[in-house]
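Colleague: Structure provided below as structure tokens; questions to follow.
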Amino acid sequence: MARRRERHPRARSELKNLSYEIFIGVLSILSVVNLVLALVIRDPELRDVLLVMNVIFSIIFLIDFTYRITTAPSASRYFFVQYGWADLLASLPLAELKILRLFRVFRVIRLMRELGPRTIARRVLRDRANSALATLLLMGVLVLQYGSLAILKVEEHATGANITDASDALWYTIVTISTVGYGDRYPVTNAGRIIGSFIIIVGVGIFGTFTGYLANAFLGPGKSAEPADQQTDASSADATSTVPTHATAPAASAPAAEPVSAGAAEPATPSPPAPVPAAAPVDGSAAELAQLRELLSRSESALADSEAALAEMRGVLDAAG
């Protein structure tokens, strides 16, 4: 267990966004499956669909390699130790190098094993927005590939068909997923219409969810943003808390005058007024101005009590003289 915890920091340094890693891993598996399908399928038009998808995967994997090597803590370590060279070669659109894409799958599996299922589940649930986006992108890729293969398979040799090659099938699937529907390509068989209906339903769900994701990303309130009035109140409260709030106790009244004999001791000198606490610098805040006014009022009251005590002492001294 201790060893597993020690390996977590290294796993996190290699691991990008978890949803992104799962997306790349599934695409790697799909590209290897396409390699097997290309060996099994004999129809040249269906193989052209797989060839186009291979080019799309190669572009995605090349972008992934660039992203990893530019964000890696050590580019040389990623390239030579973490099989970055295999990522680079696997991103080339060559059938002989597709098998190297398994290194991506092995890396994702190893990193997920080091993190553990609980950590993976917690991070996926916490990052629901990116998880939903990765799921939608993956679903779009799957529908584009297998929808094109399916519609081409059932429509290619049908009477009056207008979806007869790979470009027609891919074009029809793209405009159907996006719910545009130009109408220049359409299925003429019952099986083709069923497949087209499925593509339309999935496309509406993909683009509807994707539109909601973009709206939330651009129009949603920022989590770190704080309203200006809250910041002003907080700064005023901090400034007010630095001003002393203790009040100067009023001076005690002198005792009533008594006849003073010649040998009596002189009355005690009244204590000077209590010092007024230094006021905090005024920065224009209404709360601070109110605090300063209250402090000034208490100081004036204390000074008036001191003057009254001095006047009473003078009367006692005059009576004694």
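Readers should treat all values here as calculations from the given coordinates under stated rules, not as data from a laboratory. On a predicted model such as this, the values are computed, not experimentally measured, just so you know. Cβ: placed from backbone, ideal geometry, glycine included. Neighbour counts: every protein chain shown.
Colleague: Just report the Cα centroid separation between the range 34-68 and the range 77-148, whole Å.
Modeller: Distance between centres, Cα-based: 15 Å.
Colleague: At 7 Å along the Cα-to-beta-carbon direction for both Ser197 and Thr119, put a label point, then send me their distance in nm to one decimal.
Modeller: Rounded to a tenth, the inter-label distance reads 4.7 nm.
Colleague: Express the relative contact order of the range 128-221 as a whole percentage, based on alpha carbon pairs under 8 Å and six or more residues apart in sequence.
Modeller: Reported as a whole number, the value is 30 percent.
Colleague: So what's the range 53-192 giving for Rg/Rh, alpha carbon basis, Kirkwood Rh from the mean inverse pair distance?
Modeller: 1.09
Colleague: Of the chymotrypsin sites (Phe, Trp or Tyr not before Pro) in the range 72-135, which ones lie in a loop per DSSP and count no more than 13 other C-beta atoms within 10 Å?
Modeller: none
Colleague: Test of understanding: what is the full-extension gain from Arg42 to Thr164, defined as 0.36 nm times their sequence separation minus their Cα-Cα distance?
Modeller: Full extension of this stretch gives 42.4 nm more.
Colleague: While we're on this one: Can you tell me the FRET efficiency between Arg110 and Thr135 if r is taken as the Cβ-Cβ distance and R0 is 25 Å, rounded to the nearest 0.05?
Modeller: Computed FRET efficiency for Arg110 and Thr135 comes out at 0.65.
Colleague: Could you tell me how many cubic angstrom of Cα convex hull volume the range 1-126 has per residue?
Modeller: 115 Å³
Colleague: What whole-number value in cubic angstrom gives the convex hull volume per residue for the C-alpha atoms of the range 128-221?
Modeller: Hull volume normalised by residue count: 83 Å³.
Colleague: Just grab the label-to-label distance for Phe207 and Ile69, each label 7 Å out from Cα along the Cβ direction, in nm (one decimal).
Modeller: 3.7 nm
Colleague: Work out from phi, with θ = phi - 60° and the Karplus expression 6.51 cos²θ - 1.76 cosθ + 1.60, the ³J(HN,Hα) of each residue of the range 40-45, listed in order in whole Hz, and give x for Gly and Pro.
Modeller: 8, 6, 9, 5, x, 5
Colleague: So, in nm, how far is label Ala215 from label Asn190 when the simple model puts each one 7 Å beyond its Cα toward the Cβ?
Modeller: Output for this residue pair reads 3.9 nm.
Colleague: How high is the FRET efficiency from Ala311 to Leu289, r the C-beta distance, R0 35 Å, rounded to 0.05?
Modeller: The pair Ala311/Leu289 has a calculated efficiency of 0.60.
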